[in-house]
Structure formats: C-alpha cells, structure tokens
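Q: One structure, as structure tokens, below. Some questions next.
The values are calculated or read from the model by the stated rules, or taken from the named source; none is laboratory data. Predicted model only: the values in this text are computed from it and were never measured. Reconstructed Cβ throughout: ideal geometry from the backbone, glycine too, with neighbour counts over all protein chains shown.
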Amino acid sequence: MLSSTADHLYWMARSIERAENTARMLDVTYRMALLKQAVADADQEWRAMLSISGLHEDFDARYTESSAENVMYFMVFDKLNPGSIFNSIFAARENARAVRGAITSEMWEALNQTWLEMRLTQSAEIAERGVSRFFDWVKERSHLLRGLSYGTLLRDDSFLFLRLGTFIERADNTARILDVKYHILLPSPSDIGGAADYYQWGAILRSVSAFEAYRKIYRDQITPKRVADLLILRRDLPRSLSACLGEVHGVLQEINGVRAGELLRRCGLLHGQLHYGRIDEIFADGLHEFLSEFLDRIYDLGELVNTTYFWSTDE
Amino acid sequence: MKTAYDEMYAADGSVRESYRAYFEWMRGSTDEMLARKRKEAEVAFHRVGITFAVYGEETGQERLIPFDILPRIIPADEWQRLSDGLRQRVRALNAFLHDVYHDQEILKAGRVPSDQVLKNAHFRPEMAGVDLPEQIYAHIAGIDLVRADHGDRPGEYFVLEDNLRTPSGVSYMLENRKMMMRLFPELFASRSIAPVEHYPDLLLNSLRSVAPPGVVDPSVVVLTPGQFNSAYFEHAFLAQQMGVELVDGDDLFVRGGVVFMRTTQGPRRVDVIYRRIDDDFLDPLAFNKDSMLGVPGLFSAYRDGSVTLANAVGTGIADDKAIYIHVPEMIRFYCGEEPILANVPTWELAKVEDREYVLAHLAELVVKEVHGSGGYGMLVGPTASAAEIASFRDKIAADPARYIAQPTLALSTCPTFVESGVAPRHIDLRPYVLSGKEIQMVPGGLTRVALKEGSLVVNSSQGGGTKDTWVLEV
C-alpha cells in the first residue's frame, strides 16, 4: 500500500492508544492522589504522571505548581502539549481523515464523533461531572474504535498497520507506567520483596486492567515482583510487554513488505527476550535498567518502522 | 422572453413520448411521497459519506449539492445524434491539439488565426513536438450542452463550452443513478434505461490504453491536490471505483526519468497518471516553482515518454473561449465533415460586421470577455440597466477584440421537485467523452439544474443542483 496511507493508519492507531493510556494513568493518579493526606504526597503522584510521559520539562516550562488542576489540564486539554488527550484525539482524527478510503465509514464516523465531543468538552464540565466519568468516556471510545476495526475492517495491510501502531504504543506506555510507578513506590532496592502497599499496587494493576487477572493467576497477596512478572512476561495478559511484542512480531511477519529484514530481526530478538525471560534474572540486573533499555529498543523499533515502510526518497 | 423548450411538455401541453411512461408513474405519486423520497436521499448521501463539497470544519457537517429526484429523460434517437456529434467534436479537438503542438497545419492554412493560438496564455510551447500515445491530449472531455428553441428549430442542442483540462462532476452522475435505483426501483424494473455504472471500467480501460508503448500491465494512479480541494470526493471516489491508488504529489517521485510511488513494499513504477491538478502546479521544476502540490521532474519524465498524463499538459488551448469559436472549422478541417453539433451562435467583436450587429442589439445579448472567468466582466443585456449598457458600449469601443457576444438562450426546462411542488427549471447537460485507443461514452451525463425559479445559473456554487439523466434504450 502507499507509504503515506500506512503512515496515517499507524499514527491514527498510536494516537488512539496514547489517549486511552493517558486516560488510564490520569484516572489512577487521580484516585491515588485523593488517598494522600499531605498535599506534598499528592503532588508526588502528579509528578509521577508527568515523568511517565516524559513531559515534565514541557510542563515545568509553563506551569509553576504540579497541582492536580494544572497537571490534569496539561494532560487533558493543553493544545501546546502534543501528548494531551485533546491532541491525541485530534491527531487520530486528522490521520483518519487523510485516509478515509482505507477505513470503514463506521470507523470514521465513530472517530469523528469522538473528536467533535472532545472539542466541545470544557474543563469545568469535567470537574462538575466527575473526572472519572470523562476518563471512562475516553476508554470507551477507544474500545469502540478497536471493536469497529476488528469487526469491520478487511484483514489487509490497513488492518495490520493499525495493529502495529496500537501494540508499539501500548508496549511503550505500559513500560513507562511500570518504570516510574515502580520507582515512586519502591525508591530503594532494599525494599524489593518487602510488604507492598496494597492500594498502590492495586492501582497500577487496575490502570492496565490487570487486577482481576493478578488474582486469578497468583491467588495471593500482591507483591512487586509478581506485578512486574505479570506486566512484563506473561503473554496471556493482553497488555503485558510480552503480549504486545508478540502481536508486533506477528504483524510484521504478515505485512507484505520486502524491506523488513532488519526490523523483523530486532523485533524477534526483543520478543524472544520477553518470551523466554525470567523475572528473577530481570530483577538481578535491575528492573529499572531493564525497562529503560526496553524503552530505548521500542523507540528504535518505531524508528525502523518509519524507515522501512514510511521511507522518503532522501534515504 | 418567450417560454423555454420544456423537456417533458410539448408546446401544446401534451407529454412528449419519451416522458409518457414516467408521466403515468408520476400521476400515481403525491408531493408527500416525493418529499419523503427526497429526504431519504439526503440522509443516505450524508450517512454514506457522499458529499460534494469541502468538509466543514466548524460544524463537522458536510454540505451536499442538492439532488433533484425527478430525472431528465433523453430518447434513444436524440442521444444517438448527440453521441455522434460529441465523438466528432472530441476527435477534432484532439486532432487540433496534436496539430498545434506539431506541424500547425490548420494555422498555416489560415483556418484559425495564429495569434489567437500562439499568443494564448494556455498554449504551452514546452509541449511542441512531444509525441503522445494514440496522439490523444484530452482523454476525458466534459462537453457542456444546452438546449433551446432557435429560429424555427425547437429544442436544438448547442455546445456551450468544452472542458478539456480537469472536467469534474462524473461522480455526481454515478451516485445520482445509484440513488435513483435505490429510491425508485420500480422505475428501473419496467423501463429500459441505459446503464451508466460502467463508467469507471471504461475510464480505467481508456487510461490503460494510453500507457507508454511497450508497458505490460500498466499501473494507473489518480493524482489529487489533496483533501482540501472541493472535488476531492470525486478523486477518491474514482480511484476507489477503478481500484487504483489515490496519490498526492508527495507520494510520487522521479528517479532516472521514471515516475515511482512510495509504497510499503518499496518504489512502484507508475505508467499513467489521471491528474486532477492544473498544469501550473504539476511540477515546480517546470512550471510554478512555488507549487507544493506537484512532483519535481514529472514534466521531464512526461516529455521523455516514460509516463502518460491524462489529460495532457497544454489542453487549455483548445477549451479557451477564443478558440471555441473556431471548433466548427476544426471539424471541417480535420474530419472533412460538417459539424453535427453546433456552437451557440457567437459574434466576435473583433470582426467589424459582428461588432456592428452586437452594438445595435446590446440589450438582447450576453457579452463576455474572451479571457474572463465565469460571471465577471459580463453584460447580460436583457437584465441590464440603460446606464450599464451605455458604459459597456464604451468598454467595447475601447477594445473590441476583448469581447464576444451570444444570444440569451432560454435553456430548456425540466420538471423539478422544488419547495412548491413539481415545477419547470432550467437545465444543461455535461456528457463525458473518453478518448484512448477508441472513443467511449456512457449514455447521458450530468444534468445540472438551476433551482431558483427563472434562474439560468446551474453552477452548484450559485444555487444549482443535479439530476439523474436517463437515456432510453430502443
């Protein structure tokens, strides 16, 4: 297919996924901050949110306090923040508009409707009706779009590029959530294996819809190591890093492309590491180090996707 | 002005034969039913996403060109004559284009004034000597026809204008037919109405037939200026119907004199480009250097013959108003025949006799600038004030060669479902003529209707709508 079409579809999917994950993280941060007695502690939750998205510098440049109001506004409405939910939805819709012929009309209408509603939403409205309702709305729209793409789209390269975007973004976002949260909750290596704060870990699990899954699999108290194991290595959890890379690997093998040699190799290597990994070995080398490196490698994969499929004649 | 020729009713009030069956059906219908059907069409056009205008940013609602649910009907024998006339005309126009960019025989023979061609802004010297496949320049021609009582000939067809650059509107023709079959299946079951749905097939075949020589399995693309162009829907629609890629300038590049498109599987060669971008914006290296819409190096590859552009560069010389006057002469020169279809009678004010006649009848005529664009610098005699006429007289005296004049034609009318019910409204017709290895057409074309009572303006941007056009099979 045309490179530009694939590019639009890929970024449409990444934008929707980003909006959903931003909503998930904001929802959890909001709930956790409410539990904190001291303002300073609550602020710490909000700063964690900024670190997750790598946007703390952008934020600090234009806002003075990391208060709930400021961070919420920055991450939901701020038009100057490319990672805001507003901009993610806008980007998704603009990318879809450029390739209306490649998606079904239901998908377009659902996405356009999402954009029109987002445009009309005021921050005062959200404060009044409850922030969690807004985040639920974002997640629902994402689910609707995914359902429509699975339910209506022809299984050709269009569908594959959408999935490629979704799972690369999801892997990236999930790794970030785990990395930052893990550090906020366990600042020193000696805390590993100690008693966990039930609510904090529960919040992380819920943010990736994995709380019930944890219960089902481990049937025991929540420990940091098991949470990491679940979210990194368990391929039966749809949002784990292993599951995401499995999807990416599968998609790359199916996409009709003669140029994907290096991309497929690097993806295969990363997938293999997760597929056959052991949590003890990861912890032995350092979880933070593992996740940092993982983020670098996901970033590289994204770059390779660009040069492999969305190449320009300058290369 | 006396009453115009009506498509459905003869002068004595009787229903014309081609409309009789439809008339019977209409007698069984009510205004309420028609209103319901019209509403159904609107909703369906919106939902399916068919909109013929630029996407509205503010409301998120796209504008529709009004579609009238009452068809315009053309009997088979009438269409046969039109078809013969159109083929003859387009053949002559293509021959003219080949001639002016090669040996210029018609100019040497003095049958068309050289100055009007060679000094014309639309004449592209860069095309001189360029040999094109099948010697075709206007692969897709939209010839605007009007119908009027003229002299002692009732309901005569005239060619109002040739459109040989990027004629549009065929998507309306196709979608209107689809909508009519959906709204009134009973009408299609019992009557033989010539189909039009195969236009995209004909178009694709035609485009492939003019690929550069030696190419096996030619690849065709539709080149669009992008989604902000008002005809974007049509570009996307035709690409999708033909099963070819819709590309913009950024998707293409030229390497080694060959045009490629950027795909996820690497570069893919392109052989034929159905381009909906004006000449000036096609290639910043050859034409307007500020154009962001084109492909650098495209014109060079084109001249070398490694890619075909439809329509060719430089067709504007043949659809210019100044050249329009000479088309009947072109038909005589290249086809050795008398034109089957006549031009609208036109007076050239550059000629003394014509000028004298026009000045004596200014209040009855329409006077247009030869190089003007629709509506501007025009005098509509019958509706102008004495002062306007006087001031125009002065303009003519200052530079007569700038003007041509035509009679105010009362365009034919056709029953149209308007606010007050069914009433006659003025219409025109744009058939689409495809030229490749052979000339092909689908019967009919796009009928445009002026929705305002008495208005002769059929343009969609000024209150016009469209109708389905039925050519009855024998």
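Q: For the structure I just gave you, tell me whether B:ALA11 is under 19 Å from B:ASP468 (Cβ atoms), modelled with pLDDT under 95 and away from every other protein chain (no Cβ under 14 Å). Give the steps one after another, and end with the answer.
A: Numbers: under 19 Å from B:ASP468 (Cβ atoms): no; modelled with pLDDT under 95: yes; away from every other protein chain (no Cβ under 14 Å): yes.
No.
Q: Could you please let me know if A:LEU263 is aliphatic (A, V, I, L, M), out of contact with any strand residue (DSSP E or B) (no Cβ under 7 Å at 6 or more places or on another chain), part of a helix (DSSP H, G or I) and more than 14 Å from every other protein chain (Cβ to nearest Cβ)? If you could, list the steps in order and put the result at the bottom.
A: Numbers: aliphatic (A, V, I, L, M): yes; out of contact with any strand residue (DSSP E or B) (no Cβ under 7 Å at 6 or more places or on another chain): yes; part of a helix (DSSP H, G or I): yes; more than 14 Å from every other protein chain (Cβ to nearest Cβ): no.
So A:LEU263 does not fit the description; no.
Q: While we're looking at this one, here's another question. So is B:MET173 closer than 30 Å to B:VAL295 by Cβ, buried (at least 20 other Cβ atoms within 10 Å of the Cβ), away from every other protein chain (no Cβ under 14 Å) and of a type in the set (A, V, I, L, M, F, W, C) or not?
A: yes
Q: Still on this structure, please answer the following. Select from the range B:229-254 the residues that are within 21 Å of the chain's Cα centre (by Cα) and not in a helix (DSSP H, G or I) and write down the one among them that is nearest to the other protein chains (Cβ to nearest Cβ).
A: Restricting to residues being within 21 Å of the chain's Cα centre (by Cα) and not in a helix (DSSP H, G or I), the top hit is B:ASN229.
Q: May I pose another question? Any residue at all in the range B:415-424 that is free of Cβ contacts under 8 Å to residues at least 12 places away in the same chain and not in a strand (DSSP E or B)?
A: The answer is yes; a qualifying residue exists.
Q: Does at least one position in the range B:117-125 carry a residue that is under 23 Å from B:LEU456 (Cβ atoms) and surrounded by 19 or more Cβ atoms within 10 Å (Cβ to Cβ)?
A: Taking every residue of the range B:117-125 in turn, none turns out to be under 23 Å from B:LEU456 (Cβ atoms) and surrounded by 19 or more Cβ atoms within 10 Å (Cβ to Cβ).
Q: Here is a further query. Inside the range A:81-100, can you point out the residues that are touching a residue at least 24 places away in the same chain (Cβ under 8 Å) and over 23 Å from the mean Cα position of the chain (by Cα)?
A: The answer is A:ALA98, A:VAL99.
Q: I'm checking my understanding of the structure. Among residues of the range A:228-244 that are more than 15 Å from A:PHE290 (Cα to Cα) and in contact (Cβ under 8 Å) with a residue 40 or more places away in the chain, which one is surrounded by the fewest Cβ atoms within 10 Å (Cβ to Cβ)?
A: Going through the qualifying residues, I end up with A:ARG235.
Q: Quick one: which helices (runs of 4 or more DSSP H) lie wholly within the range A:56-171 and hold at least 2 residues that are more than 14 Å from chain B (Cβ to nearest Cβ) and not aromatic (Phe, Trp, Tyr)?
A: A:56-62, A:68-76, A:85-98, A:123-129, A:131-152
Q: Something else about it: Restricting attention to the range B:255-288, which residues are without any contact (Cβ under 8 Å) to a residue 24 or more places away in the chain, more than 11 Å from every other protein chain (Cβ to nearest Cβ), more than 21 Å from B:TYR137 (Cα to Cα) and not small (Gly, Ala, Ser)?
A: B:PRO284, B:LEU285, B:ASN288
Q: Condition first: in contact (Cβ under 8 Å) with a residue 40 or more places away in the chain, surrounded by 19 or more Cβ atoms within 10 Å (Cβ to Cβ) and hydrophobic (A, V, I, L, M, F, W, C). Can you find one or more residues in the range A:32-39 that meet it?
A: Within the range A:32-39, one or more residues are in contact (Cβ under 8 Å) with a residue 40 or more places away in the chain, surrounded by 19 or more Cβ atoms within 10 Å (Cβ to Cβ) and hydrophobic (A, V, I, L, M, F, W, C).
Q: Just checking, which of A:ARG62, A:ARG133 is of a type in the set (Lys, Arg) and either touching a residue at least 40 places away in the same chain (Cβ under 8 Å) or closer than 14 Å to A:ALA23 by Cβ (or both)?
A: Answer to the check: A:ARG133.
Q: B:PRO328 passes all but one of (1) under 20 Å from the mean Cα position of the chain (by Cα); (2) over 30 Å from B:GLY129 (Cβ atoms); (3) not in a loop (DSSP other than H, G, I, E, B); which number fails?
A: Unmet condition: (2).
Q: Within the range B:294-329, which residues are of a type in the set (Ser, Thr, Tyr), surrounded by 21 or more Cβ atoms within 10 Å (Cβ to Cβ) and closer than 17 Å to B:VAL270 by Cβ?
A: B:TYR302, B:THR308
Q: How about the range A:279-310: which of its residues are within 14 Å of another protein chain (Cβ to nearest Cβ) and surrounded by fewer than 17 Cβ atoms within 10 Å (Cβ to Cβ)? Show your work before the answer.
A: The initial filter retains those residues of the range A:279-310 that are within 14 Å of another protein chain (Cβ to nearest Cβ), namely A:304-310.
Result: A:ASN306, A:THR307.
Q: Out of (1) without any contact (Cβ under 8 Å) to a residue 40 or more places away in the chain; (2) over 26 Å from B:ILE323 (Cα atoms), the odd one out for B:TRP470 is which?
A: Answer for B:TRP470: the failing condition is (1).
Q: Before we move on, is B:ALA322 in contact (Cβ under 8 Å) with a residue 24 or more places away in the chain, more than 14 Å from chain A (Cβ to nearest Cβ) and in a loop (DSSP other than H, G, I, E, B)?
A: No.
Here is a yes/no grid of residues against (1) among the β-branched types (Val, Ile, Thr); (2) surrounded by fewer than 18 Cβ atoms within 10 Å (Cβ to Cβ):
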| residue | (1), (2) |
| --- | --- |
| B:SER385 | no, yes |
| B:PHE392 | no, no |
| B:PRO400 | no, yes |
| B:THR408 | yes, yes |
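Q: If you take the residues in the range A:10-47 that are small (Gly, Ala, Ser) and in a helix (DSSP H, G or I), which one is farthest from A:LYS139 (Cα to Cα)?
A: Result: A:ALA40.
Q: With the requirement that a residue be under 22 Å from the mean Cα position of the chain (by Cα) and not in a helix (DSSP H, G or I), what does the range B:166-192 give you?
A: Listed by number, the residues that qualify are B:THR166, B:PRO167, B:SER168, B:GLY169.
Q: Turning to a different aspect of this structure: For B:SER291, work out the one condition from (1) touching a strand residue (DSSP E or B) at 6+ places or on another chain (Cβ under 7 Å); (2) of a type in the set (S, T, N, Q); (3) more than 14 Å from every other protein chain (Cβ to nearest Cβ); (4) more than 16 Å from B:PRO212 (Cβ to Cβ) it doesn't fulfil.
A: In the conditions (1) touching a strand residue (DSSP E or B) at 6+ places or on another chain (Cβ under 7 Å); (2) of a type in the set (S, T, N, Q); (3) more than 14 Å from every other protein chain (Cβ to nearest Cβ); (4) more than 16 Å from B:PRO212 (Cβ to Cβ), B:SER291 misses (1) alone.
Q: In the range B:247-293, which residue that is loosely packed, with under 15 Cβ neighbours inside 10 Å and small (Gly, Ala, Ser) is nearest to A:LEU252 (Cα to Cα)?
A: Among those that are loosely packed, with under 15 Cβ neighbours inside 10 Å and small (Gly, Ala, Ser), it is B:GLY266.
Q: Would you mind finding the one in A:ALA203, A:ALA171, A:ALA213 that is small (Gly, Ala, Ser), at pLDDT 85 or above and buried (at least 20 other Cβ atoms within 10 Å of the Cβ)?
A: A:ALA171
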